[in-house]
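Colleague: Here it is, the structure, as structure tokens.
The values are calculated or read from the model by the stated rules, or taken from the named source; none is laboratory data. Since the model is a prediction, treat every value here as computed from it, not as a measurement. Here the Cβ positions follow ideal geometry from the backbone for every residue, glycine too, while neighbour counts run over all protein chains shown. Accessible surface is based on the protein model in full, side chains and every heavy atom, while ligands, DNA and RNA are left aside. Shrake-Rupley method; radii C 1.70, N 1.55, O 1.52, S 1.80 Å.
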Amino acid sequence: MKTIDLSSASVRELNQSLHGEVQDREWVVTQPGGKHNLAVGVNQAVSVDIQGHAGYYCAGMNQQACITVHGNVGVGVAENMMSGSVRVKGSASQAAGATAHGGLLVIEGDAGARCGISMKGVDIVVGGSIGHMSCFMGQAGRLVVCGDAGDALGDSLYETRIYVKGTVKSLGSDCIEKEMRAEHLQELAELLGRAGFIEDPASFKRYGSARQLYNFKVDNASAY
């Protein structure tokens with residue numbers, strides 16, 4: 001196990017250590033002090049344990065790594081993540097999981113506005129509530145919210161599937177409530193299990209695109 005203390009080491013030193021040929025599989029980051037850009041661009045099957053709060057863009061562009069933050073995070077956690085997993089033990093600011101293509105993002109607390117904006121295949125599970133304009137232009141992937149959702153959920157949505165247990169303040173353009181069929185209950189149960197949340201899938205509602213704002217052809221559904 002490799003430990004990096006950010007009260008003495010720089011963020012650049014941390015990130016450079018996590019790039020290239022990495023020998024240690026387990027990393028612990030102490031005294032993060034809310035610094036920005038922690039553990040960005042990692043492309044290794046390693047675990048990174050951040051012992052405290054992180055600032056903007058923590059775990060951005062993650063590939064393969066399993067990153068855990070024992071605190072809150074700022075704007076853009078796991079932005080453009082490709083694979084691996086990111087878990088936030090606290091709450092997240094705006095644009096969590098923005099443009100992310102894959103992997104799993106778990107936020108145990110609340111997430112701010114624009115959670116999952118333009119998501120492209122990532123799975124996001126939020127234990128608390130999310131802010132306004134979340135999943136704006138969401139293209140692919142799944143967003144699960146165990147609390148409430150703010151205004152304009154799923155505005156201009158493509159094919160992202162949204163599950164919300166609590167109250168949705170308002171739906172955005174072209175976002176509608178959809179039927180929860182058996183396959184959706186099974187999908188949701190699997191996502192909640194991966195995230196480590198004990199919830200009844202039947203207590204959630206599903207939301208998706210009405211497919212009126214773009215040219216949808218069912219023959220090409222697998223491409224969306």
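Colleague: So which residues in region 25-55 are exposed (fewer than 14 other Cβ atoms within 10 Å of the Cβ) and of a type in the set (D, E, K, R), if there are any at all?
Modeller: ARG25, GLU26
Colleague: Out of curiosity, is ALA78 over 20 Å from VAL11 (Cβ atoms), crowded, with 21+ Cβ neighbours inside 10 Å, within 10 Å of the chain's Cα centre (by Cα) and touching a residue at least 24 places away in the same chain (Cβ under 8 Å)?
Modeller: Details: over 20 Å from VAL11 (Cβ atoms): no; crowded, with 21+ Cβ neighbours inside 10 Å: yes; within 10 Å of the chain's Cα centre (by Cα): yes; touching a residue at least 24 places away in the same chain (Cβ under 8 Å): yes.
In short, no.
Colleague: Residue check, ILE107 against (1) over 25 Å from GLY131 (Cα atoms); (2) touching a strand residue (DSSP E or B) at 6+ places or on another chain (Cβ under 9 Å), all met but one. Which one?
Modeller: Tallying (1) over 25 Å from GLY131 (Cα atoms); (2) touching a strand residue (DSSP E or B) at 6+ places or on another chain (Cβ under 9 Å), ILE107 fails exactly one: (1).
Colleague: Restricting to region 131-189, and then to whatever is at positive phi and among the aliphatic types (A, V, I, L, M), can you tell me which residue is surrounded by the fewest Cβ atoms within 10 Å (Cβ to Cβ)?
Modeller: Taking region 131-189 as the starting set, the residues that turn out to be at positive phi are 133, 135, 137, 141, 152, 154, 156, 174.
Okay, now just the ones that are also among the aliphatic types (A, V, I, L, M), so 133, 137, 152.
Working: MET133: 22, MET137: 19, ALA152: 21.
Looking at residues that are at positive phi and among the aliphatic types (A, V, I, L, M), I get MET137.
Colleague: Would you confirm whether any residue within region 140-156 is of a type in the set (Lys, Arg) and more than 15 Å from the chain's Cα centre (by Cα)?
Modeller: Restricting attention to region 140-156, the residues satisfying the condition of being of a type in the set (Lys, Arg) are 142.
Keeping just the survivors that are more than 15 Å from the chain's Cα centre (by Cα) gives none.
Checked region 140-156: no residue is of a type in the set (Lys, Arg) and more than 15 Å from the chain's Cα centre (by Cα).
Colleague: Considering only residues of region 60-102 that are β-branched (Val, Ile, Thr) and not in a strand (DSSP E or B), which is farthest from MET119 (Cα to Cα)? Steps first, please.
Modeller: Keep residues of region 60-102 that are β-branched (Val, Ile, Thr), which gives 67-69, 73, 75, 77, 86, 88, 99.
Among the residues that remain, those that are also not in a strand (DSSP E or B) are: 75, 77, 99.
Numbers: VAL75: 15, VAL77: 13, THR99: 4 Å.
Looking at the filtered set, the residue picked out is VAL75.
Colleague: If you scan region 1-24, which residues turn out to be farther than 21 Å from SER93 by Cα, in contact (Cβ under 8 Å) with a residue 24 or more places away in the chain and either open to solvent by 20 Å² or more (accessible area, probe 1.4 Å) or under 17 Å from the mean Cα position of the chain (by Cα) (or both)?
Modeller: Let us first name the residues in region 1-24 that are farther than 21 Å from SER93 by Cα, namely 1-10, 12-24.
Next, from what is left, pick out any that are in contact (Cβ under 8 Å) with a residue 24 or more places away in the chain: 1-7, 14-15, 18-19, 22.
MET1, LYS2, THR3, ASP5, SER7, HIS19 - these are the residues of region 1-24 that are farther than 21 Å from SER93 by Cα, in contact (Cβ under 8 Å) with a residue 24 or more places away in the chain and either open to solvent by 20 Å² or more (accessible area, probe 1.4 Å) or under 17 Å from the mean Cα position of the chain (by Cα) (or both).
Colleague: Output the residue which, of all residues in region 103-117 that are on the phi < 0 side of the Ramachandran plot and in a loop (DSSP other than H, G, I, E, B), is nearest to the chain's Cα centre (by Cα).
Modeller: Step by step, filter region 103-117, then rank; the result is CYS115.
Colleague: Could you list, in sequence order, all residues of region 118-129 that are open to solvent by less than 10 Å² (accessible area, probe 1.4 Å) and assigned to a strand (DSSP E or B)?
Modeller: Correct list: VAL122, ILE124, VAL125, VAL126.
Colleague: So, one more: Just give me the residues in region 14-37 being part of a loop (DSSP other than H, G, I, E, B) and touching a Leu at 6+ places or on another chain (Cβ under 7 Å), in sequence order. Don't jump to the end; show me each part of the working.
Modeller: The initial filter retains those residues of region 14-37 that are part of a loop (DSSP other than H, G, I, E, B), namely 18-25, 31-37.
Across region 14-37, the qualifying residues are GLN31, PRO32, GLY33, LYS35.
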